[in-house]
Amino acid sequence: MDHDSHHSATAHDHSARAGDHGHGGHDGGHDGQGARGASWSTAVKATLHCLTGCVIGEILGMVIGTALLWGNVPTMILAITLAFVFGYSFTLFAVVRAGLSLKAAVKVALAADTVSIAVMELVDNAIIALTPGAMDAHLSDGLFWSALLGGFVVAFVITTPVNKWMIGRGKGHAVVHAYH
């Protein structure tokens, strides 16, 4: 991960927010980076970070649920739970390594990733549920993998602007930057 770009983007975000007096709801600037917003690069990196945990958790949950011959609902619950566990764990390990106590690290991980993971899981699972036949597809079926991976692509596209908005306001993944 490129920490220098995170720090420079974060420094820009803090100075931009300091000058923000709540005027309007639009982003200023002409470089694709709003007067109050984070850069798209920072948002993409944060979203990829969460997406990685979600992908690992979801696929592991689907494999375990399928191997145990569970139905769709318990398998999805396991997959979503594991997506949150793995999503949080990446942030948790990083901030503990940076010197935070486990209790403080848990708070940072919850603040940093909850909205991002929740949006990603909502979108991904909605796409799987709405794709005809995907819920009944087996792990060996192309339909299963195309629905799952297609859902993640759409979830990434939808979650990136959410993360950009949150980071630009000092929320979400922005809370992690103090510990890099």
**Fill in**
Debye calc, one equal point scatterer per Cα of region 26-156, no solvent, log10 I(q)/I(0) at q = 0.20 1/Å comes to -1.08
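Write down the accessible area per residue of region 37-171 in Å², having rolled a 1.4 Å probe over the full set of protein chains.
Solvent-accessible surface per residue comes out at 47 Å².
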**Request:** Quantify, in whole percent, the carbon and sulfur part of the accessible surface of region 120-180 (1.4 Å probe; protein heavy atoms only).
**Result:** 74
**Prompt:** Once the Cα gyration tensor of region 98-180 is found, what semi-axes does its equivalent ellipsoid get, as square roots of 5 times the eigenvalues, in whole Å, sorted largest first?
**Reply:** 32, 14, 9
**Prompt:** Expressed as a rounded percentage, what relative contact order does region 34-157 have, with Cα pairs under 8 Å and six or more residues apart?
**Reply:** 24
**Complete:** Stretched fully, the stretch from residue 72 through residue 169 gains (0.36 nm per residue minus C-alpha distance, one decimal, in nm) 31.2 nm
**Message:** If Rh is defined by the Kirkwood formula over all Cα pairs and Rg also comes from Cα, what ratio Rg/Rh do you get for region 135-177?
**Reply:** 1.26
**Message:** Under a crude label model (7 Å from the Cα following the beta-carbon direction), how far is residue 129 from residue 149 in nanometres?
**Reply:** 2.5
**Message:** For a protection proxy built on the mean count of beta-carbon atoms within 10 angstrom, sort 81-94, 127-140 highest first, please.
**Reply:** 81-94, 127-140
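The values are calculated or read from the model by the stated rules, or taken from the named source; none is laboratory data. Since the model is a prediction, treat every value here as computed from it, not as a measurement. For neighbour counting, all protein chains shown are included, and Cβ atoms are generated from backbone atoms with ideal geometry for every residue, glycine included. When the accessible area is computed, the model is the full protein with side chains, heavy atoms only, and any ligands, DNA or RNA have been set aside. Shrake-Rupley method; radii C 1.70, N 1.55, O 1.52, S 1.80 Å.
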